[in-house]
1. Out of the residues in region 45-59 that are within 21 Å of PRO14 (Cα to Cα) and of a type in the set (D, E, K, R), which is surrounded by the most Cβ atoms within 10 Å (Cβ to Cβ)?
2. From ARG42, ARG18, which residue is over 23 Å from the mean Cα position of the chain (by Cα), more than 17 Å from ARG114 (Cα to Cα) and at pLDDT 95 or above?
3. Test each condition in (1) modelled with pLDDT of 95 or more; (2) outside the structural domain of LEU111 (by TED's automatic domain parsing) for MET1 and report the one that comes out false.
4. Does ALA177 qualify as being surrounded by fewer than 16 Cβ atoms within 10 Å (Cβ to Cβ), under 26 Å from PRO77 (Cβ atoms) and either touching a strand residue (DSSP E or B) at 6+ places or on another chain (Cβ under 9 Å) or modelled with pLDDT under 90 (or both)?
5. Quickly run through region 1-25 and pick out the residues that are of a type in the set (A, V, I, L, M), over 19 Å from ILE78 (Cα atoms) and touching a residue at least 12 places away in the same chain (Cβ under 8 Å).
6. What are the residues in region 36-47 that are touching a strand residue (DSSP E or B) at 6+ places or on another chain (Cβ under 7 Å) and either under 21 Å from VAL102 (Cα atoms) or assigned to a loop (DSSP other than H, G, I, E, B) (or both), if any?
7. Looking at (1) in contact (Cβ under 8 Å) with a residue 12 or more places away in the chain; (2) surrounded by fewer than 16 Cβ atoms within 10 Å (Cβ to Cβ), can you tell me which one LEU164 breaks?
Amino acid sequence: MHVRPKILLIDDDPVLLRFLSNYLEAAGYIPLRAETGERGLRLLFSERPALVVVDVVMPGMDGWEVCGRIRELTDTPIIMLTGQNTEADKLRAFRLGADDYVTKPFSFAELAARIAAVLARTQHSREEDQASVVVAGDLVIDLKRRQVTLAGKPVALTPTEYRLLAALAQRPGEVVAEAELLRQAWGPLRRHPAGYVRRYIWFLRRKLERDPTRPEIIQTARGFGYRLAASPRQPMPLVQSPPPA
């Protein structure tokens, strides 16, 4: 079932809000309207929109402040609207964490296309991040950031230990042959005996297992290799961009 993304529109022009809302609703979105920055922030946390479109020039809390507040607390994508087409304003928007910058006047079709592009780009980035995280009980391996934690605490690994663990984490739940682990941890030109793999597996178990003599995380498949008893972290449900009209 297709989930219609919520788009939060923050602008002090009620006429623009009304017509833009109608257009986005017809394009497959659920528009949320706010005529002040303060109300926009309240809707942000009560409705959890997929994306925010905010005008720069507003009385009271302007778009710059709204953008900064949003980015301090959430990674919700932001598109800024402004009548100023200066490089300084564009750089300021991106420094504050905006994902795109649209100058007025603009066509509703262009804005809708930019919304779809930002949502698609953000979703792809989140899926990549989540797919790069492997979990085995209290052990979390973030392959993208090269970080390993156990029960929420960082684990200090040597470069070789990390490469060996990463080789297992790249194929969670599968048996990886000793020869393959040797190649990934030490390189294809090295000719170390397989005993190196067993030795470093023991080093890893001492750091990661409750009882390294009875391993639960790094399991031995005798005669074949080793298996990381883990799985990729499942992506959180993400809203989808509506199909093209």
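1. ASP55
2. Residue meeting the stated conditions: ARG18.
3. (1)
4. The answer is no for ALA177.
5. Passing the criteria: only VAL3.
6. GLY37, GLY40, LEU44
7. Every condition holds for LEU164 apart from (2).
The values are calculated or read from the model by the stated rules, or taken from the named source; none is laboratory data. All values derive from a computational prediction rather than experimental measurement. Every residue, glycine among them, receives a Cβ derived from its backbone with ideal geometry; neighbour counts consider all protein chains shown.
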